[in-house]
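The structure appears right after this line, and notes come after that.
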Amino acid sequence: MNEFEKQFQEIEDYLKFEDYPLVIKRLIDFTLDTETLSCYLEMNQFLDWLDYNGNDTAGQATRLRQLIDQLYAFLKDKPQAPREVLVTLKDVVKSYGTGRFGLGPIDLALYAGQIVGLVGENGNGKTTLLRSLCGELHPSGGTITYHFKYTDRYDLRTQLVYIPQRTDTWYGSMYQNLILTASSYGYDPEMIEPLTQLIITRLGLRKYRLHSWNSLSSGYKMRFELARMLLRKPKLLLIDEPLANLDILAQQTILEDFRAIAKSPFRPIGIVLSSQQLYEVEKTSDQVVFLKQGVQKNLRQESGTTTETLENFLVIEFESTLTQGELGNLLQPLGLESLQFNGGTFIATFPESVTRLQFLEWVTRHEIPMPYFRDISQSTRRFFVS
Amino acid sequence: MFKSIQQRLILRYPLLWNTKIIPMGVLLLGLNLCFFILGFALNGISFEETHRNFFDFDATLLLLSLVISLLVLILWLVNYFKNNMLKSFYPTSKYHVYKEWGLIFLLCFGISSPIYWYNLGKETRYRSYFSREELEKRCVTLRAGSFFLDGSYSYHESENTVETDVVAVDTVSVDSVETNGEARNYFMYRGKKYKNTSLLNKNVNSYILFDKKSDSTAIEKLKFWLVTQQKDSLKQLFTDYLKIVKEHQLEANINAEQWLSLINDYPLFEKSHTIGPQMTNDEYYPNIYNNQSVVRDTIDRYIARDNTGTEQEFYKYYVPEKKLNFNYARMADAHEDPDVNLETLIIPVYFALALSLLILSFRVTSGRSWLIGLIAVIILNIILGIFSVIISSSFTYGIGYCVAFIIVSVLFFNTVGQNRTKGYSGVVLNLFLWLLPGLIPLLYELLESYLHYEYNAIDTINLQYSTAYQFKQWLENHVFEINWTNIFLVSIAMLFIGKKIRLWRGIAEA
């Protein structure tokens with residue numbers, strides 16, 4: 001089952017469980033994949049119908065079924081885009097002067113369809129790395145190689161979209177701004193409006209399209225930035241702290257959107273995002289880069305399409321009412337290598353041979369009080385605490 | 001309609017939409033057309049006028065055009081600066097910056113030209129009264145008529161100068177022969193001697209339509225009519241003259257017969273009556289003249305009280321020559337030497353060029369770089385000004401300007417070539433764009449100063465044969481061509497510079 005079939009199966013499952021909003025979102029993604037005016041118009045027709053018939057679930061199911069079948073027929077033979085390497089960084093260093101902060105050296109390869117999360121404390125180089133990747137900063141050393149066609153530096157920067165944490169104000173109506181973007185990117189004039197409508201709906205902005213920038217919340221501003229980014233068809237999306245100022249539900253939705261955008265079978269893009277929301281980023285990312293005072297620590301090693309975790313220990317974060325000494329005595333027989341107390345939580349490290357299940361059995365057997373537990377072996381969380 | 005045009009533009013031609021060329025173009029066309037209409041409507045000729053009114057519409061309209069242009073500029077900039085495709089890194093063609101500058105330049109020209117259109121309307125109105133041929137015919141009559149009215153006489157230093165048939169009449173002229181002690185008091189004409197105060201020695205009021213040769217020929221013809229007593233021709237001339245007077249509903253207190261009899265003091269024409277050029281009392285000879293030792297022809301003038309009760313001297317016989325002369329001169333100027341021409345067009349074009357480069361530089365760099373650039377230009381000018389004063393040389397400013405231009409050019413192109421970081425090159429780019437249009441005019445000034453310096457060393461007799469003098473004359477005679485060439489060259493240079501600006505935009509900020 002290829003990526004397209006896998007994703008299509010997901011839509012079938014959503015439909016089966018009557019999760020229509022999700023079905024619509026994913027169907028819009030596939031409609032965008034067709035890059036065909038007739039499909040855009042058909043989907044827009046359905047969306048217009050939905051505006052007035054939102055309560056007609058039976059009607060929705062029937063129409064969605066038809067659209068799924070049509071899109072499947074259209075896309076099943078369309079060649080899928082290969083997951084090519086987009087950019088490689090070799091010993092990249094960015095220095096702001098002697099005795100001041102410096103980033104790097106950074107070694108990284110980014111692929112189409114891949115999401116890379118940048119994590120680290122404030123002032124450790126996440127934004128510097130993003131700005132270097134988008135061409136806004138020139139590295140002091142090392143090389144950044146872009147593996148796609150561009151005619152000059154300006155043309156390169158049109159293919160790299162960087163969304164900073166504080167975005168510039170958009171003037172005029174949001175819809176007009178998006179139309180201008182689409183028009184500048186050379187879409188067929190007849191396609192521009194249906195396409196923009198679809199993207200607006202895809203990101204849940206249908207109600208806000210005629211709003212002004214200042215009347216939007218941070219979350220919706222971010223969504224409009226994403227809508228514009230989708231119209232720009234970038235090779236690489238670089239986004240700084242997209243989850244800041246978003247509630248937990250909005251964070252999950254936007255991360256899911258990132259996944260859908262990056263993993264498109266036909267139009268995959270590479271996404272690099274920085275965030276302080278460690279768990280959420282790790283859930284979404286294929287690769288997580290931890291930056292500590294500008295120095296890179298990768299959780300996994302990339303080799304083509306496979307990833308390997310670099311250090312193989314069992315690392316458990318937990319809370320307990322017992323003291324560090326009592327816990328040490330109790331866990332020592334299981335092979336405890338270290339036990340750190342870290343601001344209310346304990347971090348216990350065991351050899352690779354110890355599994356999470358064995359740890360839980362041991363805790364249960366010895367009735368160790370443990371209201372909170374998390375396996376952080378696969379998480380950069382351990383870089384924060386060690 | 002505008003909405004659908006704008007919608008079409010945003011979908012197909014984002015640059016045209018973004019510069020708001022259609023709404024602004026229509027607005028500016030309307031504005032300039034309004035000023036043309038105002039110029040046409042407010043400048044009808046009243047033949048009662050003898051001079052420019054203290055209050056005329058020109059100054060008011062100039063102020064009005066400045067205020068409106070400023071408001072339109074602000075309105076446009078507010079809308080234009082809403083989106084910036086270059087700063088957002090939207091895909092653009094290599095000539096995008098050039099096209100955008102071209103559009104800015106067009107709009108800036110529209111913003112800076114209402115007063116030009118006002119003047120064009122005014123002169124069109126002046127030209128609309130008579131065709132060039134009809135006007136020339138009338139001016140021939142008015143010029144000939146002025147020969148028989150109060151006015152200046154020719155000045156003669158030797159007999160030889162008056163023996164020829166054609167003499168340049170306005171080479172030397174005097175209002176009254178008594179005022180110049182060196183003048184001869186007689187002259188020769190066709191072998192006969194006449195007093196300088198003879199009617200045959202009169203000058204004419206000419207018009208821009210005629211050259212000196214034409215005036216001399218006209219005078220010669222009139223003299224010939226007088227000495228050969230061609231009364232019919234003279235009477236016909238006076239009839240034609242008075243017909244023009246009547247047509248403009250003006251007043252004369254003599255008819256053609258009377259006019260002829262008043263001036264025809266054959267054969268010497270020494271006691272011809274003086275016919276005044278004015279009938280109203282707003283131009284008068286104050287009575288004080290009579291208290292001085294000035295001989296006045298009391299036969300042709302009388303003393304009376306004017307409306308204010310002051311005693312004034314009035315002509316006994318008059319035609320409204322001043323009114324006709326003033327208004328026909330205006331019309332002749334509008335036909336022959338209009339104020340609105342390619343030479344004066346250069347003023348709004350230069351203004352538009354400067355404004356367009358200021359706007360473009362702000363557009364492609366940043367407000368911060370633009371402001372620093374502005375301060376740098378002010379400081380540069382102060383320094384060059386101080387140096388010019390200290391060194392007391394006309395070369396200092398020009399040389400300083402050229403050196404500054406060379407430095408910023410090298411810095412800018414080096415930044416683009418190295419493709420590393422922009423650094424302070426935003427400021428440099430601003431300076432480069434602002435100094436560019438002044439380069440050729442400054443080189444012109446430098447060259448002129450140099451030539452002046454060169455030919456100052458040559459003695460006066462050989463001056464006109466020196467190459468430096470001839471070249472300087474050529475430069476002075478072609479100042480407008482050189483400025484148009486400068487504008488053309490800047491426009492061509494912008495094609496290349498625009499491509500470099502686009503590349504510069506792609507360079508890393510730091």
The stretch A:124-173: number of residues that are within 22 Å of the chain's Cα centre (by Cα) and of a type in the set (Asp, Glu):
2
Failed condition for A:Tyr20, given (1) free of Cβ contacts under 8 Å to residues at least 40 places away in the same chain; (2) hydroxyl-bearing (Ser, Thr, Tyr); (3) farther than 16 Å from A:Ala73 by Cα
(1)
Within the stretch B:363-410, can you find the residues that are under 17 Å from B:Gly438 (Cα atoms), of a type in the set (Ser, Thr, Tyr) and in a loop (DSSP other than H, G, I, E, B)?
B:Ser394
Among the residues of the stretch B:250-270, how many are farther than 14 Å from B:Tyr318 by Cα and either crowded, with 18+ Cβ neighbours inside 10 Å or of a type in the set (Lys, Arg) (or both)?
1
Out of all the residues in the stretch B:387-425, which are of a type in the set (Gly, Ala, Ser), within 14 Å of chain A (Cβ to nearest Cβ) and crowded, with 17+ Cβ neighbours inside 10 Å?
B:Ser425
Exactly one of (1) in contact with a strand residue (DSSP E or B) (Cβ under 8 Å, 6 or more places away or on another chain); (2) more than 13 Å from chain B (Cβ to nearest Cβ); (3) surrounded by fewer than 19 Cβ atoms within 10 Å (Cβ to Cβ) is unmet by A:Leu108. Its number?
(3)
Among residues of the stretch A:133-191, those that are of a type in the set (A, V, I, L, M, F, W, C), in a helix (DSSP H, G or I) and facing chain B (nearest Cβ under 9 Å), counted:
4
I'd like to know if the stretch A:7-26 contains one or more residues that are in contact with a Pro (Cβ under 7 Å, 6 or more places away or on another chain) and not assigned by TED's automatic domain parsing to the domain that holds A:Arg202.
yes
Just for the stretch B:426-436: of the residues that are of a type in the set (A, V, I, L, M) and more than 19 Å from B:Ile492 (Cα to Cα), which one is surrounded by the most Cβ atoms within 10 Å (Cβ to Cβ)?
B:Val428
Just a yes or no: is a residue in the stretch B:468-490 of a type outside the set (A, V, I, L, M, F, W, C), in contact with a Phe, Trp or Tyr (Cβ under 8 Å, 6 or more places away or on another chain), within 14 Å of another protein chain (Cβ to nearest Cβ) and surrounded by 16 or more Cβ atoms within 10 Å (Cβ to Cβ)?
no
Of (1) in contact (Cβ under 8 Å) with a residue 24 or more places away in the chain; (2) part of a helix (DSSP H, G or I); (3) within 16 Å of A:Gly113 (Cβ to Cβ), A:Gln80 satisfies all except one. Which?
(2)
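The values are calculated or read from the model by the stated rules, or taken from the named source; none is laboratory data. These numbers were taken from a predicted model, which means no experiment stands behind them. Neighbour counts are summed over all protein chains in view; Cβ atoms, including those assigned to glycine, are modelled from backbone coordinates with ideal geometry.
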